[in-house]
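First the structure, in the form of structure tokens, and then the observations on it.
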Amino acid sequence: GDSRAYLLRGDGVLRLTRDHNYEQVLLERGLDPDRAAEHPAASKLTQALGFGPVVPDVARVDVAPGDRLLLCSDGLYDMVDVGSLAAAVHERALGTAVELLIGEANRAGGLDNITVALLECAGQPDLSQILAHLRSQTLFERLDESELRSLATVLERRPFRAGEELMGEGKVGTDCLLLVRGKAHASRAGVHLTTIREGGHAGELALIRPWRRTATVTATTDGMAFVLTRHAFESLCALRPTLGLRLHRTLALRVADRLADLTTRIEKVQRAVDGL
């Protein structure tokens, strides 16, 4: 069809697709671009899904961390110069950038439907970075270098945006969240409990068994976390029993700390009641 894909890298824009319409046919025959655009059949599609067999255009495109891919309908590129907006699009969060593009197209007239999808190629931290993040986690302070390397292989990478709910109070969880970049806050019944910063974690008790979350964790900034699922945790413990023993000991200590804290709170409440 006549939807397009662009590669946005820094301030530059590279168009990745060719239009499947008669205007493109005329251009490939050497016709002047202005005359091709004015042809009565310029917008007639030469290929489209749903109207019989198609021959897809296939190409390999190498992307790098930070690159963005823009997919859009002609309702966008007919109205605005994508190249002129590249820098503005690149420096904004994905959702904000999409709103910017649609807004510019509407301000220019918005003569057709405007469909926009924006994807970003996120950089994958190398092993040394992952190990550094794991060392900063008190949850794994008992693990040696070899065990940390084994743990690094089972982590899932999870980017997040400001305002995104990462864990929901009352929902059953089966994973632990390890904050690598950004901030989040934990709240219970709408009351702020604590701020989770880089190197912090949440939901670790779900590694023992499915656990009903006692708080909601919401991202306050864009960032990234590692996720350790209970399935991955159990598989790793079965493969490396010593590692599993150390992690279970740490988790047991966390449970003991929570129990001690809960006991202290109950005692305070009891004393308050007795004093009435």
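Here Gly170 meets each of (1) touching a Lys or Arg at 6+ places or on another chain (Cβ under 7 Å); (2) on the phi < 0 side of the Ramachandran plot with one exception, condition (2).
Does segment 95-111 contain at least one residue that is in contact (Cβ under 8 Å) with a residue 60 or more places away in the chain, surrounded by fewer than 13 Cβ atoms within 10 Å (Cβ to Cβ) and out of contact with any Phe, Trp or Tyr (no Cβ under 9 Å at 6 or more places or on another chain)? Reasoning before the result, please.
Quick first cut of segment 95-111, residues in contact (Cβ under 8 Å) with a residue 60 or more places away in the chain only: 95.
Within this subset, residues satisfying the condition of being surrounded by fewer than 13 Cβ atoms within 10 Å (Cβ to Cβ) are 95.
Remaining after also requiring out of contact with any Phe, Trp or Tyr (no Cβ under 9 Å at 6 or more places or on another chain): 95.
Yes, segment 95-111 contains at least one residue that is in contact (Cβ under 8 Å) with a residue 60 or more places away in the chain, surrounded by fewer than 13 Cβ atoms within 10 Å (Cβ to Cβ) and out of contact with any Phe, Trp or Tyr (no Cβ under 9 Å at 6 or more places or on another chain).
Can you tell which of Ser146, Ser136 is of a type outside the set (Asp, Glu) and surrounded by fewer than 13 Cβ atoms within 10 Å (Cβ to Cβ)? I'd like the intermediate steps shown before the answer.
On the way: Ser136 fails: surrounded by fewer than 13 Cβ atoms within 10 Å (Cβ to Cβ).
The match here is Ser146.
Among the residues of segment 89-106, are any aliphatic (A, V, I, L, M) and either within 15 Å of the chain's Cα centre (by Cα) or not in a helix (DSSP H, G or I) (or both)? The answer is yes, given that some residue of segment 89-106 is aliphatic (A, V, I, L, M) and either within 15 Å of the chain's Cα centre (by Cα) or not in a helix (DSSP H, G or I) (or both).
Looking for whichever is basic (Lys, Arg), outside the structural domain of Glu147 (by TED's automatic domain parsing) and modelled with pLDDT of 90 or more here; the options are Arg92, Arg107. Which one fits? Even if it seems obvious, please write down each step before you answer.
Working: Arg92 fails: modelled with pLDDT of 90 or more.
Selected residue: Arg107, the only one of Arg92, Arg107 that is basic (Lys, Arg), outside the structural domain of Glu147 (by TED's automatic domain parsing) and modelled with pLDDT of 90 or more.
In the set (1) closer than 22 Å to Arg107 by Cβ; (2) among the hydroxyl-bearing types (Ser, Thr, Tyr); (3) in contact (Cβ under 8 Å) with a residue 24 or more places away in the chain, Thr17 fails one condition alone, (1). Before we move on, is Ala5 in contact with a strand residue (DSSP E or B) (Cβ under 8 Å, 6 or more places away or on another chain), closer than 20 Å to Asn113 by Cβ and at pLDDT 85 or above? Against the criterion (in contact with a strand residue (DSSP E or B) (Cβ under 8 Å, 6 or more places away or on another chain), closer than 20 Å to Asn113 by Cβ and at pLDDT 85 or above), Ala5 qualifies. If you go through segment 130-142 one residue at a time, do you hit one that is touching a residue at least 60 places away in the same chain (Cβ under 8 Å), closer than 30 Å to Gly244 by Cβ, over 23 Å from the mean Cα position of the chain (by Cα) and not in a helix (DSSP H, G or I)? Yes, the conditions are met somewhere in segment 130-142.
Which members of segment 230-239 meet the condition of being crowded, with 17+ Cβ neighbours inside 10 Å and out of contact with any strand residue (DSSP E or B) (no Cβ under 7 Å at 6 or more places or on another chain)? Please lay out each step first, then the result.
Here is the first cut: in segment 230-239, the residues crowded, with 17+ Cβ neighbours inside 10 Å are 230, 232-233, 236-237.
Once the filter is applied, which keeps residues that are crowded, with 17+ Cβ neighbours inside 10 Å and out of contact with any strand residue (DSSP E or B) (no Cβ under 7 Å at 6 or more places or on another chain), segment 230-239 yields Ala232, Phe233, Leu236, Cys237.
Out of segment 10-24, which residues are hydrophobic (A, V, I, L, M, F, W, C) and either buried (at least 19 other Cβ atoms within 10 Å of the Cβ) or outside the structural domain of Val89 (by TED's automatic domain parsing) (or both)? Outline the logic, then answer.
First, the residues of segment 10-24 that are hydrophobic (A, V, I, L, M, F, W, C): 13-14, 16.
Correct list: Val13 only.
The values are calculated or read from the model by the stated rules, or taken from the named source; none is laboratory data. Just so it is clear, the structure is predicted and the values come from calculations on it, not from any experiment. Positions of Cβ are backbone-derived with ideal geometry, glycine not excepted, and every protein chain shown enters the neighbour counts.
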